[in-house]
Amino acid sequence: MLQHAPRPTRRGQKVPTEQAAPRPDEQARRGNAALADKQPAAEAGSALADNEISAWMGEGEAISSPQLASTDTTQPIRATSVRAGNWGALIGKADKVAIFGEAGLKSESLKVADGTPCEVKRRDEKTGNLLVEVRVGKEKKQGWTSAAIFSVQPDLNVDDEAPGQRDEYIYAEQKGDHSPVDPKGKDTAQGALGDCYAIAAMAAIANASPNSIKDAIKYNKAAGTYTVRFFEESYGGASKPVYITVDSFLPTVAGNRNDPAYAGEPGGKLWPAIMEKAYAQWKGGYDAIGGGGYGAQTMAEITGARSQEKSPSSMKVDEVIPYFEAAKKEGRAIYAAVEDSRQSEVQTPFRGTGNKLTGTITHTHRWNHVVPGTMRITDKAAKMTGSITDTGREGDQAAKLVGRPLSAGTVDYKKNTAELNFKDGAAPGKAEDLELAFMYQGAVNAEKLLVANHAYAFEGVVNGKELQFYNPWGTWQPKPITPQEFLKHFTNISTNKAPAGATTR
């Protein structure tokens, strides 16, 4: 079941306290998505074969699209073969790069920031130059550019605030060696991308098996590139290594080329951002991994071992602490997902007289929001015939309210307002008789700082009686929770143990 839990801050802002944080739907780009893993339970995989380890030492086949050119300088990865539909960025050697009106590149029509993402629309066979499409504000513009400044990069995530557009970020080089030296789960910091399942998986593995992270990322200093090893399960259940090479140019926020827009924080560890970029390149782009995924699968793709799954609903209270203690003792990475949403308390928000009523929806926490499509309005006095529901779907900011007694109705999920227009003779006796209930997402347990529809990495047992989890946002860290709270709010546990011999060189 797909989960979404927006990170509560805009990129580039620091929030020292919960009270200072804005609502997550005020972000320019809503982030965070996880899937409560529903894969069948599987046994842990066996150790890698000797030939697979040998392949990782330099004989493995690199997978990339389009074909990559070899390089011996610290430049962005260029492509030797480009065709329509390829995504990348325009990276030159100046602050701006030029886009031209025709394939001959004689009449300049537009200048965009160096590192501007683009999609190739066509390649001119005579000149080899590329017709590319870029985002300029809220618009898409096309023009011609030299293939020499086209760099292979994963496409960005779709921008919720500008339908049909990709996020408005710039690819910028993050200089230096960002290889993981002493990786820890707390190195991770999810950004404005809905991939908390992947970031939580990285954090869980770094907590349990740091060598699995260290051995997965190899830095080529001469080329300024990183080759990241993942594993893909083939027919018969065997895991085969897959190698993805990426450069250190990362999507960054406008005006700050040192602030990664997705994984990573300014001045923080960037190995998670490198791994995230390689994962995106492998899976088909940042947009491909930003709509949710399976933490159990991602852990398996990092370690080469199958993950095991357990449902908290099958556990008793006195089984919770021993389960986590045993899993940690065995050296297992532990990933857990919080419930998708929670039922609201019934409220009576409507006011007015006659056929037109209006209301303001209230929440127990300012981060909370209605899950579109879950609203139900009934009349406790039973004068109104039938009930009223909303027609919203995931991602909608507004929707219609429909039902037999209505002539029209609307709800604005962002403003938390609703309006009801009744047919003659169909209105309730009193506005206050209308009762509203809905499912909500946000802070499902504000006291313990637990977010709905979100993935966490397990850190440890506190005082033998509570569980400490890590929020892959890097902020809004949950307080230790009791076994009862765990069983109430969590829907999935996935564990993974790196196979012996797979994480040493």
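No value in this document is a laboratory result; all are computed from the given coordinates. Just so you know, these numbers come straight off a predicted model, no measurement behind them. Reconstructed Cβ throughout: ideal geometry from the backbone, glycine too, with neighbour counts over all protein chains shown.
Magnitude of the Cβ-charge dipole of the stretch 323-427, K/R +1 and D/E -1, about the Cα centre, nearest 20 debye?
My answer is approximately 180 debye.
Along the positive direction of the dipole of the stretch 343-439 (beta-carbon charges: Lys, Arg +1; Asp, Glu -1; about the Cα centre), which of Phe350, Gly395, Ala427 reaches farthest?
In the stretch 343-439, that residue is Ala427.
Below 8 Å, C-alpha to C-alpha, sequence gap of six or more: please give me the relative contact order for the stretch 343-439 in percent.
38 percent
Which value, in debye to the nearest 20, describes the size of the charge dipole of the stretch 259-410 about its Cα centre when Lys and Arg Cβ atoms bear +1, Asp and Glu Cβ atoms bear -1, and nothing else is charged?
Taking the Cα centre of the stretch 259-410 as origin, the dipole is about 580 debye.
Name the trypsin sites (Lys or Arg not before Pro) in the stretch 211-256 that are in a loop by DSSP and that have at most 13 other C-beta atoms within 10 Å, would you?
Here the trypsin sites (Lys or Arg not before Pro) that fit, given the DSSP loop and packing criteria, are Lys221.
What size of dipole, in debye to the nearest 20, comes out for the stretch 172-279 about its Cα centre when the only charges are +1 on Lys and Arg C-beta atoms and -1 on Asp and Glu C-beta atoms?
Approximately 220 debye in magnitude.
Find out how many positive minus negative residues lie around Val158, taking Lys and Arg as positive, Asp and Glu as negative, among other residues whose Cβ is under 9 Å from that of Val158.
Here the charged neighbours net out to -3.
Between Glu108 and Ala381, what is 0.36 nm times their sequence separation minus the Cα-Cα distance? Round to one decimal in nm.
Gain on stretching Glu108 to Ala381: 91.3 nm.
If we count every other residue with Cβ under 15 angstrom of Gly92's Cβ, Lys/Arg +1 and Asp/Glu -1, where does the sum land?
Spelling it out: positives minus negatives among the neighbours equals 0.
What number comes out for the charge environment of Gly392, summing +1 per Lys or Arg and -1 per Asp or Glu over other residues with Cβ under 12 Å away?
Combined, the nearby Lys, Arg, Asp and Glu give -1.
For the stretch 357-505, compute Rg over Rh where Rg is the Cα radius of gyration and Rh is the Kirkwood radius from the inverse mean 1/r over Cα pairs.
1.17
If you count, for each residue, the other Cβ atoms within 10 Å and average over each peptide, how do 313-324, 283-294, 119-130 line up from highest to lowest?
Ranking the peptides 313-324, 283-294, 119-130 by packing returns 283-294, 119-130, 313-324.
What ³J(HN,Hα) values, in whole Hz, does the Karplus curve 6.51 cos²θ - 1.76 cosθ + 1.60 give for the stretch 142-151 when θ = phi - 60°, with x put for Gly and Pro?
10, x, 9, 8, 6, 4, 5, 9, 7, 10
Near the amide H of Ser109, under 5 Å away, which other amide H atoms are found, from residues 5 or more places off or on another chain, if H is placed in the peptide plane?
Ile99, Phe100, Gly101
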